[in-house]
Amino acid sequence: MRIVIAPDKFKGSLDAAEVAAAVADGVRSALPGADLDLVPVADGGEGTVAAALGAGFRPVEATVTGPVGDPVRAAVAVDGSTAVVELAAASGLDLLPGAAAGTPRFAPLDAGTAGTGQLITAALDAGCTRIVLGVGGSATNDGGAGMLAALGARLTGAGGAPLPAGGGALAGIEAIDLSGLDPRLAGVEVVLAADVTNPLLGPDGAAAVFGPQKGASAADVSTLDAALARFARCVAAAVGRDPDELVSLPGAGAAGGVGFAALAVLRATRRPGIEVVRELVRLDERLAGTDVVITGEGSLDGQSLGGKSPVGVAAAARAHGVPTVIAVCGRNQLDAGQARAAGFDQVHALADREPDPRRSMAEAARLLTELGRELASEQGTGART
């Protein structure tokens, strides 16, 4: 029996590789002869580089500027001419002071994306001509201004003074000069791995929708939206395009507006995150001849149906004729009809085994191993001949 185990992370508990390993331990104990293929996945956010590394990419490490200016050690995943850059590794919420203790000190007006631009430079230095930019989990609302500055753009305010980092500073931007952009970017294909289709501005934009998740007050949201609008007009003038068109591009509002900078300046193409990751980890070819797929993530809910990893894995499995697709999760909020529509034959939640959320998260590996053992026992008679 061939079983592909392709989960995303259980956020706050286990990363995707740890989830896959825990399930696999249980499966092996019940089916020691099973052909197991562990394929940790991600949706373009946190874990995307790890998924690529697990699929054979090599790490290229760099020390970059974190979201509030502290040095951060991060890695780009490289395979041939392709690099995977994860914004969260340089400009993510988990890098804020206090984040490790669960009390992040948000900086909605001041956090910047310079580190993400520095990671892109590391990819260029590695000779890459195709860059996948995963943009989930950002701590920033700077429209990608810091990223562009790190790549050679010059952002100036009154009197030609350079702008400080952060989205709040964009309220004073007068111009952006792109003539100093790294010339290697002209020959690079950039893929924006993002499920978000929000525009840059307005009630559905970066500040209004995602700013509060990064500590922005109502006043901050208003400040940021106006600042991003000013920034967008400067960018549009620099690239010779209509600002209304650029701010309305689907995905421009991703990651506090990093999507806007990638689309408008780096000429990126936006694609759903799990679709990109499927290619990076060669999921489709690894599904050939598979009897069972086990996927999942920490929480299955309405958001999962909008393109999250487990649904993308299930779609790939169905496309390749895999007979059984099983989802495992910490908590399940899908009803039976939604689960079927998502492509799952079965859904198993750790909360059904351990109702206490803290214990469920703390003991997730053990619970997943138990679940893997039970699922393997149930599926043991279904191998292809």
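If you take Kirkwood radius over Cα pairs in Å from the coordinates, which of (1) 21.9; (2) 30.6; (3) 21.3 do you get?
(3)
For the chain, give the share of DSSP beta bridges that are antiparallel, in percent and rounded to the nearest 5; count only bridges with both residues there.
The answer is about 35 percent antiparallel.
Could you compute the FRET efficiency for Ala362 and Ser29, with r as their C-beta to C-beta distance and R0 at 25 Å, rounded to 0.05?
Calculated value: 0.70.
Can you give the calculated 222 nm mean residue ellipticity of the chain, where each DSSP H run of n ≥ 4 adds -39,500 (n - 2.57) and the sum is split over every residue, rounded to the nearest 500 deg cm²/dmol?
Theoretical 222 nm ellipticity from helices: -9500 deg cm²/dmol.
Please find the FRET efficiency linking Glu279 to Glu174, where r is the Cβ-Cβ separation and R0 is fixed at 56 Å, and quote it to the nearest 0.05.
The formula returns an efficiency of 0.85 here.
What is the packing order of peptides 350-357, 65-72, 226-233, taking the mean over residues of other C-beta atoms within 10 Å and listing the highest first?
226-233, 65-72, 350-357
Find the centroid of the Cα atoms in segment 251-314 and in segment 151-223, then give the distance between the two in whole Å.
One Cα centre to the other: 23 Å.
Grab the alpha carbons of segment 11-90, take their convex hull, and tell me the volume per residue in Å³.
111 Å³
Principal axis lengths of segment 279-360 from Cα atoms, whole Å, largest first?
Between the extreme Cα coordinates on each principal axis of segment 279-360 lie 39, 24, 22 Å.
I'm a student and want to see the number: the projected area of the Cα convex hull of segment 148-238, averaged over all directions, in nm².
It is 6.7 nm².
Evaluate the distance, in nm, between pseudo-label points positioned 7 Å from the Cα of Val239 and of Arg58 along their respective Cα→Cβ axes.
3.3 nm
From the gyration tensor of the Cα coordinates in segment 181-316, what semi-axes in whole Å does the equivalent ellipsoid have, largest first, with each one equal to sqrt(5λ)?
Largest first, segment 181-316 gives 32, 21, 10 Å.
No value in this document is a laboratory result; all are computed from the given coordinates. Every value quoted in this text rests on a predicted model; they were computed, and no experiment measured them. Ideal geometry is used to build each Cβ from the backbone, glycine not excepted, and the neighbour counts take in all protein chains shown.
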